[in-house]
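Student: Following this message is one structure expressed as structure tokens.
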């Protein structure tokens, strides 16, 4: 990888955001995105056109507690001042939690080893206005134990074509290192960790697990769906607002 241009610094930052009002992380013309808002704030502070690179391109409506970005800047003052100034300009639903110097060869996306996502289901009869932005309300009873059993076939290196589309290139092979489904009271947490994810992959896995939880499919059916490598075999994606990018590991 190339290093930084003389006179510039490479900066790594950890970003938290509520994705409700945004069309995803990736910059798009004439529409609000997380990347666009971060680049706007950086440009206003540094008076530079700054390109932000993210570890994951979260979909519209998806949240993050630990998105990682990097960018180059010729800003001569301290990172503490840059950090403070950017947060002052960002809207209340985006915050830079940490900002540090990064080595020249660091890349927010390609240096990442694994990414951790959590999907939250509020499984109770009555919806919760307080939790509705961050948890998918599913009023029908769900068997979280059966959902967790179904998940285990996804651990390992597999072709996940049944559960999503590639974000870059043609390969749909990914390595899932952890998958779990745990109930805590009325909340069901589905946690997935992998080296990378296909577009809509986590949400499609969750949508399929909902059928298992309602006894419309057997846990063993998820393995059959995986092995089919056919997107039409899996369920539609679960709604985006229950999903959060929790952490990116390097």
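Just so it is clear, none of the values below were taken in a lab; they were calculated from the coordinates. Computed from a prediction, not measured in an experiment: that's the story for all the values here.
Student: Contact order normalised by length for segment 114-249, with contacts defined as Cα pairs under 8 Å and 6 or more residues apart; what percent is it?
Tutor: Value for segment 114-249: 37 percent.
Student: Under the definition of Cα pairs under 8 Å and six or more residues apart, what whole-number percent is the relative contact order of segment 9-101?
Tutor: 44
Student: Just report the Cα centroid separation between segment 224-248 and segment 181-209, whole Å.
Tutor: 8
Student: Also, I was wondering about something else. Going by a ≥ b ≥ c, the root eigenvalues of the Cα gyration tensor, does segment 9-101 fall in the rounded group (a/c under 1.5), the prolate group (a/b larger than b/c) or the oblate group?
Tutor: In terms of gyration-tensor shape, prolate.
Student: If you average the sequence gap of Cα pairs under 8 Å that are 6 or more apart and divide by the length of the chain, what percent do you get for the contact order?
Tutor: 23
Student: Please determine, in degrees from 0 to 90 and to the nearest 10, the orientation of helix 201-213 with respect to the longest principal axis defined by the Cα atoms of the chain, where the helix direction is its Cα long axis.
Tutor: Rounded to the nearest ten degrees, it is 20.
Student: Helix 219-228 against the longest principal axis of the chain: what's the angle in degrees, Cα atoms only, rounded to the nearest 10?
Tutor: For 219-228 against the chain, the angle is about 60 degrees.
Student: In terms of the Cα gyration tensor, with a ≥ b ≥ c the square roots of its eigenvalues, is segment 84-194 rounded because a/c is under 1.5, prolate because a/b exceeds b/c, or oblate?
Tutor: It comes out oblate by the Cα gyration axes.
Student: Taking Cα atoms, how many degrees apart are the long axis of helix 79-89 and the longest axis of the chain, rounded to 10 and kept between 0 and 90?
Tutor: Helix 79-89 sits at roughly 70 degrees to that axis.
Student: Moving on. Rounded to the nearest 5, what is the percent of antiparallel bridges among the DSSP beta bridges in the chain?
Tutor: Within the chain, antiparallel bridges account for around 90 percent of the total.
Student: To the nearest 500 deg cm²/dmol, what mean residue ellipticity at 222 nm is calculated for the chain from DSSP H runs of n ≥ 4 alone, each contributing -39,500 (n - 2.57), summed and divided by the residues?
Tutor: The helix-only estimate for the chain comes to -6500 deg cm²/dmol at 222 nm.
Student: Answer with a single label: of (1) 13.2; (2) 15.2; (3) 14.0, which was calculated as mean projected area of the Cα convex hull in nm² from the structure in view?
Tutor: Of the listed options (1) 13.2; (2) 15.2; (3) 14.0, (3) comes from this structure.
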